[in-house]
Amino acid sequence: MNHDFSNSVNVTKENLEGLEKTGQQLLQEKVVKMNLDTFNLEEFGETNAEALDRWKKKNTNDLLIYLIINFTCISKFIHEF
């Protein structure tokens, strides 16, 4: 990453565009994991964008369950109050 893009004090349109471009490039790269036995980096077989989409789908279901449970508890509390 260009050092200028990572400076949170130097917020300019050019730096924000550079940061966005860097993020888009990272999304297109393959997921890399470190083998803890050899300390070598190994490609995982999917892009960062694909891994992020898979993670969002999995965690969206968990979030929906969490919201439903909490909404039910809040509704019950309001009706008792």
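As a rough guide to protection, the peptides 59-69, 15-25 ranked by mean Cβ packing within 10 Å, highest first, stand as 15-25, 59-69.
Using 1/(1 + (r/R0)^6) with R0 = 25 angstrom and r between the beta carbons of residue 60 and residue 27, what's the FRET efficiency to the nearest 0.05? Intermediate values should be presented prior to the final figure.
Details: r = 18 Å, r/R0 = 0.74.
For R0 = 25 Å, the calculated efficiency reads 0.85.
Straight-line reach from residue 13: which lysines have Cα under 21 Å away, leaving out those fewer than 8 places along the same chain? Counting by Cα, and skipping residues close in sequence, residue 13 has these lysines nearby: 21.
Read-outs: derived from the displayed coordinates by stated rules, not from any lab. Computed from a predicted model, the values in this text were never measured in an experiment. Methodologically, a virtual Cβ is constructed for each residue, glycine included, from the backbone with ideal geometry; neighbour enumeration extends over all protein chains shown.
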